[in-house]
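Below is one structure, written out as structure tokens; comments come after it.
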Amino acid sequence: MNQKSPKNPLGYVTFALHSHLPYVVNHGTWPHGMEWLHEAAAETYLPLLRVFRELEQQGLALKANVNLSPILLEQLSHPVFKDEFPKYLLRKIQAAHKDADEFAIKGEPHMIEVSRFWLRFYEQALRQFDELDSNIIRGFQHFYDTGAIEIITCGATHGYFPLLGTDASIRAQVRTGVETHERFFGRKPRGIWLPECGYRPAGPWQFPVSLDGFSSPYGRQPFDRVGVEEILSENGLEFFYVDTHLVDSSTRFTPYQLMAGGVPLALETASDHPGKSFYRPYYAESPAPDAQVAFFTRDPRTGVQVWSGDSGYPGDANYLEFHKKRWPGGNRYWRITGPKIDLGLKQPYDPAVALERTREHAKHFARITTETLERYGNNGAGAPLLTAPFDAELFGHWWFEGPEWLKQVALEFSRPESRIKLISCPEYLSQYPPEAYVALPEGSWGAESNNSVWLNENTAWTWKHIYPAELAVQQMANTGLWRGHETATRLVKQICRELLLLESSDWQFLITTKAARDYAEKRFNTHLEQFRCLLDIWRRFETTHQIPANKLLELEAIELRDPIFPEIDPDLWATTKAVLDHAHL
């Protein structure tokens, strides 16, 4: 991929785009459920592919590290999504037609033009989906194969590693993620986006909630756990990402806090002279002698411009207002207009003006990244690297103009006078491998960089169910009794699937943020009930070595609802010896 930039640049910028949604297929439609997946596909995934294609036509590439989470891959390839997504697009097209007719009756020519904008947008999405033969994953693979992007993996269902109760659970999340990536793309991933950027080093650990009435092999005493980096190394992964706090605790904000608002916008958001550089990768220090995994650190000075909906680019008055929609149909016709303005006072959206603002913001980003690397990047040998990790759904879904902004950034860095070059993390590591090891503390991208978003007074109850479930699966895997029995093998695999779905960090996140608390609680309880149902069948099988016909029907119904990870391996949860005599769920 020919990238127009200097041979010896001042430094590099690498984007990391984390694409993930919890498993929603067969679990609701609107307002929570499949609608989330349809919106993300129409507003983020397809627009990103269009941007990659437009850059390719100019001999350029974003070189982004794109995470397609394993559970997202399962959904984008699911027959239900492939069948329902075109119907969703046709509904949006029909709504745009109807809106235009109603605006014509009211004599609102500008709004008619905006409705036609949406008509073209969704018609283009439908054509693009057809051209991909309903296979969005294949679209990403093209740019992966050409080197325009690097696709990385994630935990299988986005389980939050610092709080998972066994090393086997983390290993199963990682290994299933790696194997799913290889199944879809034909090669192993080189990097991983840790779910919620959650990292935990090796050392003593104990269950953070009381497990009343449950017999744990560890009791209430701390027990030794391996570091996350060791499990990544076991799976051949070369790098991951961490939030700024884990490298310099003086940084006073996280992306979670930026999205919530209230953080002032300034380049000087971190200490001027941190002990460790944000602009170099390091190896994560580990007691495991063979664990050599690099990490990249989020840049706080420029990332605030993209994360902040209040003072960053997404909050510009000319960009599309996310929260105000026209019903029925749900198309959006208004711009942000200004901070804290009532939805009823929002002014009409002008796509042409918004497009021009993406160019201006791209120029600004190019300038401040250059200034940041000039001032802070000369701490070490070789050219420095500024890491810009974001949720992919920020671009297009939350910030509608985001994909176009990414394209404009790539165009800015391609200018002959640009001193910055875009690069992927594997490409950077091949040129500038880490020169030092750094011991990372436990942390995440969440509030105060700790576990509080996922473990608090509103979510503690979920962990009281997850920990016994993890240990029960570990005990089951250690028996090996399903081997040689086709139906029992199906049963054990589905138990493992339900555990993975139970572990999804999305449930606690949605409960804490109140974004969809009822849905998240319902989903967690659904998977818990299905897990218990299947585990009860398993325990009967342990003694009878039979599965009754009526229980087989229950298994088939759950398999039909949650058919993820078809090649899942129950042995991933096994240990060298049984760690639990019995579990009472």
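Data overview
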{"read-out": "Number of the condition not met by THR180 [criteria: (1) out of contact with any strand residue (DSSP E or B) (no Cβ under 9 Å at 6 or more places or on another chain); (2) closer than 30 Å to TYR467 by Cβ; (3) of a type outside the set (D, E, K, R)]", "value": "(1)"}
{"read-out": "Qualifying positions in the stretch 358-372 - surrounded by 18 or more Cβ atoms within 10 Å (Cβ to Cβ) and over 27 Å from the mean Cα position of the chain (by Cα)", "value": "THR370"}
{"read-out": "Breaking point among (1) under 27 Å from LEU46 (Cα atoms); (2) surrounded by fewer than 23 Cβ atoms within 10 Å (Cβ to Cβ), for ASN450", "value": "(1)"}
{"read-out": "Selection count, the stretch 371-393, where residues are assigned to a helix (DSSP H, G or I) and touching a Ser or Thr at 6+ places or on another chain (Cβ under 8 Å)", "value": "4"}
{"read-out": "Of all residues in the stretch 52-90 being touching a strand residue (DSSP E or B) at 6+ places or on another chain (Cβ under 7 Å) and in a helix (DSSP H, G or I), the one that is surrounded by the most Cβ atoms within 10 Å (Cβ to Cβ)", "value": "PRO70"}
{"read-out": "Count of the stretch 27-40 residues which are surrounded by fewer than 24 Cβ atoms within 10 Å (Cβ to Cβ) and in a helix (DSSP H, G or I)", "value": "6"}
{"read-out": "Criterion violated by ALA100 - all others in (1) within 21 Å of GLY33 (Cβ to Cβ); (2) touching a Lys or Arg at 6+ places or on another chain (Cβ under 9 Å); (3) among the small types (Gly, Ala, Ser); (4) surrounded by fewer than 20 Cβ atoms within 10 Å (Cβ to Cβ) satisfied", "value": "(1)"}
{"read-out": "Matching entry among GLU35, GLU39, GLU84, GLU54 (being among the acidic types (Asp, Glu) and either at pLDDT below 95 or not assigned by TED's automatic domain parsing to the domain that holds PHE239 (or both))", "value": "GLU84"}
{"read-out": "So ARG187, is it touching an Asp or Glu at 6+ places or on another chain (Cβ under 8 Å), under 22 Å from ALA294 (Cα atoms), not aromatic (Phe, Trp, Tyr) and not in a strand (DSSP E or B)", "value": "no"}
{"read-out": "Flag if ASP391 is acidic (Asp, Glu) and crowded, with 17+ Cβ neighbours inside 10 Å", "value": "yes"}
{"read-out": "Pair list, Cβ < 6 Å and 6+ apart or interchain, from the stretch 543-571 residues that are over 28 Å from GLY28 (Cα atoms) to residues that are surrounded by 13 or more Cβ atoms within 10 Å (Cβ to Cβ) and among the hydroxyl-bearing types (Ser, Thr, Tyr)", "value": "ILE547/THR487"}
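Residue-wise test of (1) crowded, with 24+ Cβ neighbours inside 10 Å; (2) under 22 Å from the mean Cα position of the chain (by Cα).
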site	(1), (2)
ASP145	no, yes
ASP167	no, yes
THR176	yes, yes
SER210	no, no
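The values are calculated or read from the model by the stated rules, or taken from the named source; none is laboratory data. The shown structure was predicted, so the numbers you read here are calculated from the model rather than taken from an experiment. Glycine gets a Cβ as well: all are built from the backbone with ideal geometry, and neighbour counts include every protein chain shown.
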